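Shown next, in structure tokens, is the structure this report addresses.
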Amino acid sequence: MVAFWPREPGLTEAFFEFVSECEPPEIDTIAVTAGPGLEPALWVGINFAKALALLWNKPLVAVNHMEGHILSALASQQGDTLAIKGVTLPVLALLISGGHTELVLMKEWLEYKLVGQTRDDAVGEAFDKVARMLALPYPGGPEISKLAEQVRAEYDQTAEFGSGNTPPGPRLPRPMIDSNTCDFSFAGLKTAVLYLLKDRPELSSEEKKHLAHEFENAVTDVLWKKTSQALDETGARTLVIGGGVSANTHIRRVFTEKMKSEYPHVALRIPAASLTTDNAIMIALAGFYRAIRDDFSTSESITANGNRSLA
Ligand code: KG4
Ligand code: ZN
């Protein structure tokens, strides 16, 4: 058993002590994230899962983190359980997190094809980096959102972007918005903010708010344009948005409105706010769907793969 944590003998002891005092839970399988992500962090989880599988005599399922985001976003609460029901294929998934920005098509259940992806930074990473430039705490996404929403509360947001009662402040680029692909790029947007701040290192709190607002609008414009292009190209019947950035109030609002007015025949699924950022339920849910397909791993075969992809 020491082999699970060769460098952490104290941890092994503490683990045994803890588990020996626990009633084994009523479960059939242990699901664990096997990628994508930081491999040393993935191994910590995998080694715990292996030790528990051995102690409780349960099979192991390796889960793709992004599949967890897709399936939890497709699920809805039915009483005290979470279930995926009535989903019409094909499903287009917009995955927006700290490490990923991609459009993935699920034509057949649990079979994926990559439609577009970021060529540089992930959208959550851009939120976090811009927030740091504005001296806002980590994670930056919710902080930027808070400031941007204050601006929207002060101005008429029923108008389309760029028209109506437009707040003052800088204008940022919408990278690759008119390119012919479903790929994204956010590094240029981050650099544009950096240059802006070089000229004006001391922003007032009012200017910070306006910059956050314009940044969030720029991101949302690009996400919507690429997603609508992918909807047109794929003929998807369901759109699902997953990953930590799907917690964003403005992105949720814009997508809800635009789907209703421009794609009324396509169903939109957005996860409950509590299921947006990384959580254990999404891994259990993906593990369940893999397990009922007999997609088990063994203690010997399971490995961490930092670049594990869906397609
Ligand atoms: O999926 P997630 O929890 O972790 C990864 O798999 O990366 O996503 C984390 C990302 C962070 O970059 C965080 O800033 C962003 O999600 N995020 C948000 C919001 N809440 C979390 N971004 C924009 N608006 C939010 N409300
Ligand atoms: Zn995630």
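The set of residues in the stretch 169-202 that are open to solvent by 60 Å² or more (accessible area, probe 1.4 Å), of a type in the set (K, R) and in a loop (DSSP other than H, G, I, E, B) comprises R171, R200. From the list A286, A273, which residue is without any contact (Cβ under 8 Å) to a residue 60 or more places away in the chain and either within 12 Å of ligand 1 (Cβ to nearest atom) or under 30 Å from F4 (Cβ atoms) (or both)? Testing whether each residue is without any contact (Cβ under 8 Å) to a residue 60 or more places away in the chain and either within 12 Å of ligand 1 (Cβ to nearest atom) or under 30 Å from F4 (Cβ atoms) (or both) leaves just A273. With respect to the stated conditions, L74 fails to be within 14 Å of ligand 1 (Cβ to nearest atom), in contact (Cβ under 8 Å) with a residue 24 or more places away in the chain and either of a type outside the set (A, V, I, L, M) or open to solvent by less than 30 Å² (accessible area, probe 1.4 Å) (or both). Annotation for the stretch 85-95: at least one member residue is open to solvent by less than 10 Å² (accessible area, probe 1.4 Å), in contact (Cβ under 8 Å) with a residue 60 or more places away in the chain and away from ligand 1 (no atom under 16 Å from the Cβ). Remark: E108 falls outside the filter, which requires a residue to be within 17 Å of A311 (Cβ to Cβ), within 21 Å of the chain's Cα centre (by Cα) and either modelled with pLDDT of 95 or more or buried (at least 19 other Cβ atoms within 10 Å of the Cβ) (or both). N64: farther than 19 Å from E13 by Cβ, open to solvent by 10 Å² or more (accessible area, probe 1.4 Å) and either within 12 Å of ligand 2 (Cβ to nearest atom) or more than 24 Å from the chain's Cα centre (by Cα) (or both), yes or no? Yes: the conditions hold for N64. Residues that are in contact with a Ser or Thr (Cβ under 7 Å, 6 or more places away or on another chain) and open to solvent by less than 40 Å² (accessible area, probe 1.4 Å) were ranked within the stretch 212-238; the one that is nearest to ligand 1 (Cβ to nearest atom) is E216. Can we say A83 is in contact with a helix residue (DSSP H, G or I) (Cβ under 9 Å, 6 or more places away or on another chain) and more than 30 Å from W5 (Cβ to Cβ)? It is false that A83 is in contact with a helix residue (DSSP H, G or I) (Cβ under 9 Å, 6 or more places away or on another chain) and more than 30 Å from W5 (Cβ to Cβ). Applying the criterion of at least 3 residues that are within 16 Å of ligand 2 (Cβ to nearest atom) and in contact with a strand residue (DSSP E or B) (Cβ under 9 Å, 6 or more places away or on another chain) to the helices (runs of 4 or more DSSP H) found wholly in the stretch 203-294 leaves 280-291.
The values are calculated or read from the model by the stated rules, or taken from the named source; none is laboratory data. Worth saying up front: this structure is predicted, and the values here are computed from it rather than measured. Here Cβ is always computed from backbone atoms with ideal geometry, including for glycine, and neighbour counts include all displayed protein chains. The protein model used for the area step is the full one, side chains on, heavy atoms only, and it has no ligands, DNA or RNA in it. Shrake-Rupley method; radii C 1.70, N 1.55, O 1.52, S 1.80 Å.
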